[in-house]
Amino acid sequence: MIDAREEYIKIIKSELLGPGSEFSLPDIEHELISSTPTSRYSVGILFPQGNQMNQDNDETVPLPEAEGSTDKEESDAEADNQTEPVQESRKHVSEFDETADENLDEEIGMSMQYMPSSMGITFLIKGNADIIKGKVTFATYRKALITDCAIPYTPADPEHYAVPSELAHKMSFDKNTGTMKLLTQIKAKEVRDIFEKDTIPENEYQILKQIAYRFVDYCNAGYVRVPHEISEFILDFSKGEYVDAESNRELDGTCAKIVALRTKVS
């Protein structure tokens, strides 16, 4: 029963905190999710300081980027379609979304309404503690690219399997990884038009339809987890009780930083 309990805790943690709430490709540390992390997870989320947001019916919606602003990732994508951000909008569209309890959704949404930008830990140390060492792990999320979009798939004969011609221009099967991969952007209307023709083999109709709509979700609001790990940070209190060292800022190329305050007690 201990093993069952640990497995249950692991599943709940993956749903509330992440990662692991969806297909963990290529692995759980670099998971691909079909919705924004702020709508997928309800705990453990920090927002950049000074982040301006609109409040619409208790929902947190990022403000649109100012006209004329540029994004390196998007500008580089013009030269190569395979590296362009797959999203066209932040609207989440899917015919296979499970309907969650509205009250629960509202309570989860309220947990982030103040958009916290920091978290803290308090602990006691006996004796002189001028130097404190530690490590920290966290993750950021970026918009999914076309090359990120993959879904596990195991056909009856993987070695000789070919994607139906109606879908071959949108997705391909990789027998080495056992995944269906997105080739180019796909919209819900395109999926409906393809499957309304009723030419997809009956034994694959439902599963390929679900895969196609999941790709639509990735195109609309797909995000990829980027893990970060600082194997050792140092807090040096030899020059004062408050530490905000340059070496503990912009951790692993992000806007995250570590500060510390020491209070001596008798």
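A short reminder: the numbers here are calculations on the coordinates, not readings from a lab. Values in this document were obtained by computation on a predicted structure and should not be read as measured data. Here the Cβ positions follow ideal geometry from the backbone for every residue, glycine too, while neighbour counts run over all protein chains shown.
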Computed FRET value (nearest 0.05) for Lys187 with Val136, which takes r as the C-beta separation and R₀ as 45 Å: 0.65
With 0.36 nm assigned to each residue of separation and the Cα-Cα distance removed, Tyr8 to Phe23 gains 3.6 nm
Cα extents of segment 211-266 along the three principal axes, largest first, in whole Å? 63, 24, 17
Two pseudo-spin positions, 7 Å from Cα along C-beta at Lys126 and at Glu196, lie apart in nanometres by 7.5 nm
For segment 167-242, would you read off the P(r) tail past 16 Å as a percentage of all alpha carbon pairs? 64 percent
For Phe233, which sequence-distant residues (separation of 5 or more, or a different chain) have an amide H within less than 5 Å of its own amide H, given hydrogens modelled in the peptide plane? Gly134, Lys135
Per-residue HN-Hα couplings for segment 194-208, Karplus 6.51 cos²θ - 1.76 cosθ + 1.60 at θ = phi - 60°, whole Hz, x for Gly and Pro? 5, 7, 6, 6, 6, 10, 6, x, 4, 6, 10, 3, 5, 5, 5
Neighbours of Asn128 by Cβ distance under 15 Å: Lys/Arg at +1, Asp/Glu at -1, summed charge +2
Full extension from Leu261 to Met1: what is 0.36 nm times the residue separation minus their Cα-Cα distance, to one decimal in nm? 89.4 nm
Surface/4 estimate of mean projected area, convex hull on alpha-carbon atoms of segment 127-254, nm²: 11.9 nm²
